[in-house]
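The values are calculated or read from the model by the stated rules, or taken from the named source; none is laboratory data. Treat the numbers as computed from the prediction; the structure is a model and nothing was measured. Cβ placement follows ideal geometry from the backbone for every residue including glycine, while neighbour counts extend to all protein chains displayed. Keep in mind that these areas ignore ligands, DNA and RNA; they rest on the heavy atoms of the full protein, side chains included. Shrake-Rupley method; radii C 1.70, N 1.55, O 1.52, S 1.80 Å.
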Amino acid sequence: MRDQHRPKQDLINEVTGLRKQIADLREAMTARRRVEDALRQGEHQLRMLVDAAPVGLCLFRPNGTPVAANRPFARLLGYDTTAELLSVGDSLGIFGSREEEGRVLSLVERGLERVAGVVFRRKDGSRQAFGVIGSVSTDPHAVALVVLERQPQPWRSAPLAALSPAWSAGSRPG
C-alpha cells in the first residue's frame, strides 16, 4: 500500500491524469476505427470496380508470377475463382509457355503497349490466344496486362492490323 502515505491531492491529480489518458485513448481508438472502416470501404469499392471491368486484368511480377487478377480474367481462363487462378498460376504459370511469358513481358517492358496473340494456359490445359494491352509499374516493379479479346487461330500468325478495327485504328475497344 504505497499510496497510503501520499498526499490526497497527489492521488486526485493522478486519477485525473489517468482519466485524461483513458479519454485520449478512446478518441484515438475511435479515429483509428474510422480510418480502418474507410480503408475497408475503399478496398471493397476497388475490388467491385476491378471485378466489374469488362476485360481481364492481371498484375505480374517481372518473373511472370501472377500477383493479382480480376474475376473476368479468371473466367477467361476457365477458373472458378481468382484465388484458384493465382495458386495454379504461381506453380504452373499462366502463359502458354515460358517462352511466351518471356516474349510478352519483354515486349511490354520495352514499351510496346499492345501485344497480339498472347497465348495463355487455360485451366483444362488448352491454350487460348488473346490481345492484350500492357503497362509496367516501377514501384513496385510489376507488369499489368489488360486482356481484351480472343485472337483468331493460329496464335502467332495474325498481324496486329488484322485483329480488329479498333486495334488497327490505334484506339482502345469499349
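Do any residues in segment 123-137 that are closer than 18 Å to residue 55 by Cα and open to solvent by less than 60 Å² (accessible area, probe 1.4 Å) have Cβ atoms under 7 Å from those of residues that are in a strand (DSSP E or B) and small (Gly, Ala, Ser), where the two are at least six apart or on different chains, and which pairs are they?
129/117; 131/116; 134/144
In segment 1-114, which helices (runs of 4 or more DSSP H) lie fully inside it and hold 3 or more residues that are within 19 Å of residue 146 (Cα to Cα) and either in contact (Cβ under 8 Å) with a residue 40 or more places away in the chain or open to solvent by 100 Å² or more (accessible area, probe 1.4 Å) (or both)? Full working, then the answer.
Working: elements: 8-52, 71-76, 82-92, 98-109.
Once the helices (runs of 4 or more DSSP H) in segment 1-114 are filtered for at least 3 residues that are within 19 Å of residue 146 (Cα to Cα) and either in contact (Cβ under 8 Å) with a residue 40 or more places away in the chain or open to solvent by 100 Å² or more (accessible area, probe 1.4 Å) (or both), what remains is 8-52, 71-76, 98-109.
Taking the stated definitions as given, is residue 50 within 30 Å of residue 120 (Cα to Cα) and of a type in the set (A, V, I, L, M)? Spell out how you get there, then give the answer.
Values: within 30 Å of residue 120 (Cα to Cα): yes; of a type in the set (A, V, I, L, M): yes.
In short, yes.
A quick yes/no check of all residues on (1) out of contact with any His (no Cβ under 8 Å at 6 or more places or on another chain); (2) under 19 Å from residue 132 (Cβ atoms); (3) at pLDDT below 90:
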| position | (1), (2), (3) |
| --- | --- |
| 7 | yes, no, yes |
| 17 | yes, no, no |
| 26 | yes, no, no |
| 69 | yes, yes, no |
| 75 | yes, yes, no |
